[in-house]
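The values are calculated or read from the model by the stated rules, or taken from the named source; none is laboratory data. Just so it is clear, the model here is predicted, and its values are computed rather than measured. As a convention, Cβ positions derive from the backbone with ideal geometry for all residues, glycine included, and neighbour counts pool all protein chains shown.
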C-alpha cells in the first residue's frame, strides 16, 4: 500500500497502483479535493457571469451595477447555478469537472451510471451532508462502501474511474 | 539378500540360476565398458549439426499437444513471478507505453491522482488503526462494473 500509518505519504505513484483502482470506492481525500475544485469552479464561473452582466449593463445603459454578496437574489442565483452544475454533470457523465480531474465518478448501487433522477436527488441531498459540521461526510471515512449521506439517500456511490496501474507503468516507462 | 540372489527374483518370478548369472555378468560387463569409454571424446566426434539436420522439427511440433501442455502449466503463477516494473524499465516496452500515452497534461494528472490516492490510503490506514480494524486496501463492490461503464 502507499504509506504505513504514522508515516508521511510518499511522493510519486503509490504502491497501491500496482493494481488498477478502477471500480474501487474512492477515498476521502480524492472526494474532498474534487469537491473543493468544483466549488471553486462553480464560484469562479458565477463571478465571471456577474462581471459580464455588469460590463454589459454599463455598456448598454451607462449605469454601474454593484453586486452585494449578501443579496438574497444573488445567493439564490448561485444556488440555482450550483444545482444545475452538479446535477447536470452527474446526470450527463457521472462526474463534475473536479471529479474528472481526480479520476472519480458517481455510479449507482449496481455500478451503472447515475440517472437524471438520481443526479437531481443527490444534488438536493448534498446540503444535508454539509449540516452539523459536515457530519454527513463521516460515512466516507467509516463506511464499508465509503458513502456520504447524500450517497445513501440517492442510492449512489463514488468510485475511482482512472487506471492507476496504467499510470504507474507510464511513470516507470519515463523513469 | 545379495545382488545375485535379487536377480533370481527378476520380473516377479523365480528365474533359473543360469539366467540370473547371465544377467549379473551382463550388467558387470556394461559397467566395465562404460567406465572404459571416454564419453567427452565420443561426443566430440559426433557431428551434432548433422544430427540436428536430420531432425524434422515440424513433425516433432506436430506431435506435441500444446493444449495439454498449457493445461498443465499454471500461467497465473508464472505471471506472478514476472517483475513488471523491471520489465518496463529494462525493455522497449516502456518506450511503447510512453509513446502510446499523451503528454505533459496527462503526466500532471497522473501525479495529482496518485498523490491523492496516496492520501486516501494514508487516511484510511489511520482510521483503521483507530478502529482497531486492519486495513486491506480500497474496498470495492463484489461485482465490479466493467471499466468505463457509465450513463
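Conditions first: (1) more than 14 Å from every other protein chain (Cβ to nearest Cβ); (2) touching a strand residue (DSSP E or B) at 6+ places or on another chain (Cβ under 6 Å). Residue A:26 passes all but one, so which condition is the exception?
All conditions pass for residue A:26, except number (1).
Conditions first: (1) free of Cβ contacts under 8 Å to residues at least 12 places away in the same chain; (2) more than 9 Å from every other protein chain (Cβ to nearest Cβ); (3) within 17 Å of the chain's Cα centre (by Cα). Residue A:123 passes all but one, so which condition is the exception?
Evaluating residue A:123 over (1) free of Cβ contacts under 8 Å to residues at least 12 places away in the same chain; (2) more than 9 Å from every other protein chain (Cβ to nearest Cβ); (3) within 17 Å of the chain's Cα centre (by Cα) leaves (1) as the failure.
Exactly one condition in (1) part of a loop (DSSP other than H, G, I, E, B); (2) modelled with pLDDT of 95 or more is not met by residue A:40; state its number.
It fails just one condition, (1).
Within the set of pairs 6 or more residues apart or between chains, which connect a residue that is over 15 Å from residue A:43 (Cα atoms) inside region A:57-74 to a residue that is at pLDDT below 85 and surrounded by 12 or more Cβ atoms within 10 Å (Cβ to Cβ) with Cβ atoms less than 9 Å apart?
Going by the 9 Å Cβ cut-off, the qualifying pairs are A:57/A:65; A:58/A:65.
So residue A:106 ticks every box in (1) in contact with a helix residue (DSSP H, G or I) (Cβ under 8 Å, 6 or more places away or on another chain); (2) outside any strand (DSSP E or B); (3) under 17 Å from residue A:31 (Cα atoms) but one. Which box is left unticked?
So residue A:106 meets the others, but not (2).
Can you tell which of A:117, A:165 is at pLDDT below 90, within 13 Å of chain B (Cβ to nearest Cβ), surrounded by fewer than 21 Cβ atoms within 10 Å (Cβ to Cβ) and on the phi < 0 side of the Ramachandran plot?
Numbers: A:117 fails: at pLDDT below 90.
Result: A:165 is the single residue among A:117, A:165 that is at pLDDT below 90, within 13 Å of chain B (Cβ to nearest Cβ), surrounded by fewer than 21 Cβ atoms within 10 Å (Cβ to Cβ) and on the phi < 0 side of the Ramachandran plot.
Please work out if residue A:125 is outside any helix (DSSP H, G or I) and either at pLDDT 85 or above or over 29 Å from residue A:20 (Cβ atoms) (or both).
So residue A:125 fails the test.
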